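A short write-up of the structure that comes next.
The values are calculated or read from the model by the stated rules, or taken from the named source; none is laboratory data. None of the values given here were measured: they were computed from a predicted structure. Here the Cβ positions follow ideal geometry from the backbone for every residue, glycine too, while neighbour counts run over all protein chains shown.
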């Protein structure tokens, strides 16, 4: 049990996190439910900010040649997905090939530049496709990820115990993972009931638990990237939370997982 008293600095940091969350959550919920062009612009902005911070971590300079090329590529594909409502393979293949050639000509680190594109673009396209299906699915997924983060934070702080991955993220504990997963399942189940999802709880509960844990793996993956490049936070855009990548790392992993699962379920595979 962690019995150490909270320092004034820790309390101040927690208050800042709470205030930032209270400001951001209503805006995010409104945009998700609103959909349309506002939603596409919001996803585009998040994607560009992720790429901006990615280059700051991997290249030491956020605004560079790689970012300009990445930004043009992802905006083209987001636009195609937003208004055509499907994956245009020709657009993706031709623009992707042109992007790789441009990286090589300009002597850009192809490995991290391409990895950054996948890291930012895959969740963006998933979020857009899911919104075409049903905005409530997007909101439900967000509730699970947000609940996981919040539950893990408070369970980890109050219970403590064995570290989950001390070399990657020293503050994460197994108690936090379990507490976060339980919190995510509770709030996810309430949301699913309220949204009138047509799925039995015996199937939905393990799916929500798995999604919550998978989102934490996304958190650990981003922590591993930062540790590899010896960076503490991806940025300082959000008071108390760090950068955009620090805030959406769980969604980066969760959105493609939900989109892929829903696609297979709807196609009967």
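Structure notes:
- Helices (runs of 4 or more DSSP H) lying entirely in the range 31-130 (those with 3 or more residues that are under 30 Å from residue 232 (Cβ atoms)): 36-58, 65-84
- Test: residue in the range 168-188 that is at positive phi, in contact with a helix residue (DSSP H, G or I) (Cβ under 8 Å, 6 or more places away or on another chain) and either in contact (Cβ under 8 Å) with a residue 60 or more places away in the chain or part of a helix (DSSP H, G or I) (or both): no
Every residue, every condition in (1) modelled with pLDDT of 90 or more; (2) within 29 Å of residue 44 (Cα to Cα); (3) touching a strand residue (DSSP E or B) at 6+ places or on another chain (Cβ under 8 Å), yes or no:
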| residue | (1), (2), (3) |
| --- | --- |
| 191 | yes, yes, no |
| 196 | yes, no, no |
| 202 | no, no, no |
| 221 | yes, yes, no |
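Yes or no, residue by residue, for (1) under 16 Å from residue 151 (Cβ atoms); (2) assigned by TED's automatic domain parsing to the domain that holds residue 115; (3) over 18 Å from the mean Cα position of the chain (by Cα):
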{"site": "167", "(1), (2), (3)": "no, no, yes"}
{"site": "177", "(1), (2), (3)": "yes, no, no"}
{"site": "180", "(1), (2), (3)": "yes, no, no"}
{"site": "187", "(1), (2), (3)": "yes, no, yes"}
{"site": "192", "(1), (2), (3)": "no, no, yes"}
{"site": "208", "(1), (2), (3)": "yes, no, no"}
{"site": "211", "(1), (2), (3)": "yes, no, no"}
{"site": "223", "(1), (2), (3)": "no, no, no"}
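- Filter pass, residue 126 being within 16 Å of residue 261 (Cα to Cα) and in contact (Cβ under 8 Å) with a residue 40 or more places away in the chain: yes
- For the range 83-97, filtered to residues that are within 22 Å of residue 54 (Cβ to Cβ) and surrounded by 14 or more Cβ atoms within 10 Å (Cβ to Cβ), the residue that is modelled with the lowest pLDDT is 92.
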